Amino acid sequence: METASAEAPKPYDRFSLEVRERIAANEGVLAIVVLEACNMARIEARFGREHRDRLLALLAERIREALREVDFVAQTGEQTFGVVLSGLRNAGHATLAAKKLLRLSEEDAQQAIKDLEAIDLRLGMALCPGDGDDLASLLRSAQLALEVAKDSQQGLVAYEQQSIDSSTVVWDMHDELAAAIRDGDLDVYYQPKIDIQTGAINGAEALARWFSAKRGPVSPDEFVPVAEASKLIEPMTRFVLNSAMRNLMMWQRDGHDIGVAVNLPSSMLLDPGIVVMVDSLMSIWDTGDQRLTLELTESAIVADVETCFATMTRLRELGCRIAIDDFGTGFSSFSHFKSIPADELKIDRAFVAGMREDTADQRIVEAIINIAHAFDMKVVAEGIEDRETLRMLRRLGCDAGQGFLVAEAMSQEDYDAWLDARRYAQPEP
Ligand code: C2E
Ligand code: CA
Ligand code: CA
């Protein structure tokens with residue numbers, strides 16, 4: 001990868017030139033990320049100029065290491081860096097790459113990186129196409145996003161999130177969500193999963209719910225991304241995991257032979273802390289082997305296969321099952337798939353919904369079932385809404401399923417009652 005010297009603040013010119021060239025040659029998505037190490041003056045006051053310079057040089061080095069060959073980084077000011085990432089597949093990949101940079105100041109695996117923990121790193125990001133199509137507008141957008149990150153105490157802010165119209169919405173939601181998580185105002189609902197071949201109950205997927213006093217119910221499709229874009233995702237995940245595992249312990253105590261599945265957001269897979277979190281919750285609730293399934297999305301894994309596979313392997317060693325969620329919608333290549341440490345594939349509900357009408361969807365579902373079985377994995381179909389689809393899935397050999405036909409997600413109390421009502425009932429034929 002090309003770099004400009006990080007020691008002396010390099011003129012903006014080199015960076016500008018690189019960005020201009022990359023905009024001209026860009027295919028796919030290009031991201032401009034501006035990073036600021038915000039507390040350098042304080043570090044200098046405490047530890048001296050030399051330490052401060054050493055930290056900045058170390059940070060520059062780590063940024064370079066975290067980037068790909070095609071990316072470019074330059075120190076653009078006393079405590080700021082500019083990064084250009086090009087040829088990205090979509091905005092999600094840009095966010096993942098930026099989060100990797102954000103995490104440079106959080107990781108503590110090596111002593112050298114430990115020092116970086118002292119740095120208060122903030123990132124602003126702008127995308128092309130979308131947030132500007134020339135150097136000046138992109139830099140302005142990224143800079144604006146950085147200002148918002150600093151004001152709102154967020155690590156990373158993408159420009160689109162704080163466009164004039166939606167800014168108040170996003171900020172309000174962030175603060176309200178923080179309060180909801182802190183005060184235990186989130187809920188966890190459970191959607192039953194059944195064995196498609198026998199009709200027996202397998203367990204449930206835990207799904208976060210937020211009934212805001214101010215806004216009414218807020219969809220997880222809205223608040224999960226807000227949590228993911230900030231540090232709230234860690235306490236939110238802990239809350240859902242803890243609720244699900246506490247309930248799992250109670251269901252087992254009541255004699256139900258079932259498990260529970262929890263969604264693990266992409267960003268947390270790059271954080272070694274997740275293994276510690278799961279390990280400690282497993283020993284607190286003593287939920288046993290192979291009862292907790294963690295659902296991960298493909299796109300997250302593609303961003304950093306090696307790190308993700310290592311984390312997945314450690315989670316499995318703890319006795320967790322790993323499911324690949326929304327399978328078929330990401331970009332998994334067979335070379336990665338070959339060694340994927342997973343126990344289950346979940347067929348995205350878009351394919352399942354289309355099965356009855358669309359033979360292409362049907363063939364995709366069949367292919368996913370076959371490949372899962374060829375690799376000794378179970379297959380779960382999501383979004384089963386009618387009997388015909390259920391029958392087709394059974395015929396194709398699909399292992400498990402969930403969807404409105406069986407039940408919608410429900411509160412823990414309703415799910416308890418649902419389980420009890422079926423305890424002695426015959427499984428559906
Ligand atoms: P997902 O993991 O794919 O979850 C399944 C979604 O499909 C749920 O929506 C569920 O209610 C919905 N669904 C289930 N059966 C059917 C059906 O038969 N038809 C249709 N049309 N939909 C069905 P929900 O609860 O709104 O969750 C949306 C997404 O939000 C989830 O997608 C997941 O990505 C995310 N999410 C929800 N809870 C959590 C959480 O605790 N943590 C994280 N990280 N993400 C969560
Ligand atoms: Ca899921
Ligand atoms: Ca899914």
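The values are calculated or read from the model by the stated rules, or taken from the named source; none is laboratory data. Just so you know, these numbers come straight off a predicted model, no measurement behind them. Neighbour counts are summed over all protein chains in view; Cβ atoms, including those assigned to glycine, are modelled from backbone coordinates with ideal geometry.
Some observations on this one:
- Residue satisfying all of: in segment 223-247; more than 11 Å from ligand 1 (Cβ to nearest atom) and more than 14 Å from the chain's Cα centre (by Cα); surrounded by the most Cβ atoms within 10 Å (Cβ to Cβ) among these: M245
- Exactly one residue among S299, S267 is within 23 Å of K99 (Cα to Cα), within 16 Å of ligand 3 (Cβ to nearest atom) and not aliphatic (A, V, I, L, M), and that residue is S299.
- Some residue of segment 295-317 being modelled with pLDDT of 95 or more and within 14 Å of ligand 2 (Cβ to nearest atom): yes
- Test result for M249, more than 16 Å from ligand 2 (Cβ to nearest atom) and either more than 24 Å from R314 (Cβ to Cβ) or in contact (Cβ under 8 Å) with a residue 24 or more places away in the chain (or both): yes
- From G397, G383, G354, residue being farther than 17 Å from I196 by Cα, small (G, A, S), out of contact with any Leu (no Cβ under 9 Å at 6 or more places or on another chain) and surrounded by 13 or more Cβ atoms within 10 Å (Cβ to Cβ): G354
- Condition check for S212 on (1) at pLDDT below 90; (2) within 16 Å of V262 (Cα to Cα); (3) in contact with a helix residue (DSSP H, G or I) (Cβ under 7 Å, 6 or more places away or on another chain): one failure, at (2).
- Any hit, segment 384-392, residues being more than 13 Å from ligand 3 (Cβ to nearest atom), within 20 Å of the chain's Cα centre (by Cα), farther than 23 Å from L96 by Cα and touching a residue at least 60 places away in the same chain (Cβ under 8 Å): no
- Verdict on S166 being under 30 Å from R46 (Cβ atoms) and at pLDDT below 80: no
- Residues that are assigned to a strand (DSSP E or B) and under 22 Å from the mean Cα position of the chain (by Cα), drawn from segment 181-198: L186, D187, V188, Y189, Y190, Q191
- Output for segment 47-82, where each listed residue is more than 27 Å from N26 (Cβ to Cβ) and part of a loop (DSSP other than H, G, I, E, B): G48, E78, Q79
- Qualifying residue in segment 263-278 (condition: of a type in the set (A, V, I, L, M, F, W, C), outside any helix (DSSP H, G or I) and either surrounded by 17 or more Cβ atoms within 10 Å (Cβ to Cβ) or free of Cβ contacts under 8 Å to residues at least 24 places away in the same chain (or both)): yes
- G401 falls short on exactly one of the conditions (1) within 16 Å of ligand 3 (Cβ to nearest atom); (2) of a type outside the set (D, E); (3) under 25 Å from D279 (Cα atoms), and that condition is (3).
- Cβ pairs under 6 Å, 6+ apart, first in segment 298-311 and on the phi < 0 side of the Ramachandran plot and in contact (Cβ under 8 Å) with a residue 40 or more places away in the chain, second part of a helix (DSSP H, G or I) and among the polar types (S, T, N, Q): A300/S266
- Filter pass, T95 being at pLDDT below 85, farther than 25 Å from V276 by Cβ and buried (at least 19 other Cβ atoms within 10 Å of the Cβ): no
- Enumeration of residues in segment 400-417 that are away from ligand 2 (no atom under 16 Å from the Cβ) and either exposed (fewer than 15 other Cβ atoms within 10 Å of the Cβ) or closer than 16 Å to D195 by Cβ (or both): L405, S411, E413, D414, A417
- Looking across segment 312-366, just one residue is among the basic types (K, R) and in contact (Cβ under 8 Å) with a residue 60 or more places away in the chain, and that is R321.
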